[in-house]
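The values are calculated or read from the model by the stated rules, or taken from the named source; none is laboratory data. Nothing here was measured: the structure is a model prediction, and the numbers come from that model. All Cβ positions, even for glycine, are placed from backbone atoms using ideal geometry, and neighbour counts span all protein chains on display. Surface areas here come from the heavy atoms of the whole protein model, side chains and all, with no ligands, DNA or RNA. Shrake-Rupley method; radii C 1.70, N 1.55, O 1.52, S 1.80 Å.
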Amino acid sequence: MSQGTQSIDRAAQVLVHVLETPDPPTVGALSARLELPKSTTSRLVGALERQGLIQRDGGGALLVPGAVLQRYARRETGDAELVDVAAEALDRLAQASGETVNVGVPSLGAVELLDQRDSRHFLGSTNWVGRRVPAHGSALGKVFYAFGALGVPTGPLEPLAPQTRPAADALGLDEVRARGYATAVEELEPGLWAVAAPVRDASGAVIAALSISGPTARLHDRSLDELGALVRDEASTLSVRNGYDHPKRGAA
């Protein structure tokens, strides 16, 4: 077997192990299981990460299927099904908040918006459906980083456009996990705020997120905490509808 073929074979073994192991493995566990040097295993994991086939979970140690495979799985089950299931939650959030409401899913290095309920106001009623937005500047993206649906970026995070704020240190992922929702204020574009919370499937994996967003000119009327709790509760209800047993596993 040539060296190139052997590397491909080993990378395939790593990928299969990540996909079929009930509990996400670490690099060390993979190394022991496959009887490979840890340095070789780490190199193979890095190659698979760069291609979006595997990624680190929110804590950075455990390995889970990457955005490419998650996107393929969604195509098999159908984004249309997710949109249909989430419709009532979007309607309730739009009625309660009066702001723009979205459901989004992780994509390779970004967030893809699948469905929307428009704000009742003229200001802030941009249509986001079908758009892909950078993950690190959005509340949706922070949710996916915090709960392992996207690999966490390394290195400093720069503002996405002039006059926007850089993402908070380390994206504030510990805080996102603790309170169950993420916030972003003028990080994606000037004058825009958003809150988002995770939606889980029956296994507990985060497959999507719900968000509320609007212009900062109206933010003084309500607090981010109030809106975050609102979207978190709807996301939790939707997760239960998907089969997630949250009283045993913990709230979404």
message: Restricting to the stretch 1-52, count the residues that are farther than 16 Å from L63 by Cα, among the hydroxyl-bearing types (S, T, Y) and either surrounded by 12 or more Cβ atoms within 10 Å (Cβ to Cβ) or touching a Lys or Arg at 6+ places or on another chain (Cβ under 6 Å) (or both).
response: 1
- prompt: Does G52 satisfy being part of a loop (DSSP other than H, G, I, E, B) and out of contact with any Cys (no Cβ under 9 Å at 6 or more places or on another chain)?
  reply: yes
query: Counting only residues that are surrounded by fewer than 20 Cβ atoms within 10 Å (Cβ to Cβ), among the charged types (D, E, K, R) and within 18 Å of L90 (Cα to Cα), which one in the stretch 117-155 is modelled with the highest pLDDT?
result: D118
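Step by step: first the residues of the stretch 157-184, then only those that are of a type in the set (A, V, I, L, M, F, W, C) and open to solvent by 30 Å² or more (accessible area, probe 1.4 Å), then the one that is modelled with the highest pLDDT. Which residue is that?
Checking each candidate, the answer is A178.
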message: Given the condition modelled with pLDDT under 85 and either exposed (fewer than 14 other Cβ atoms within 10 Å of the Cβ) or closer than 30 Å to A47 by Cα (or both), answer yes or no: does some residue in the stretch 81-93 qualify?
response: yes
message: Being touching a residue at least 24 places away in the same chain (Cβ under 8 Å) and not hydroxyl-bearing (S, T, Y) is the filter here; which residues of the stretch 85-97 pass it?
response: V85, A86, A87, A89, L90, D91, R92, L93, A94, A96
task: Considering every residue within the stretch 103-119, establish whether at least one is part of a loop (DSSP other than H, G, I, E, B) and among the basic types (K, R).
output: no
- prompt: Pick from the stretch 217-252 the residues that are among the small types (G, A, S) and in a helix (DSSP H, G or I): which of them is modelled with the lowest pLDDT?
  reply: A217
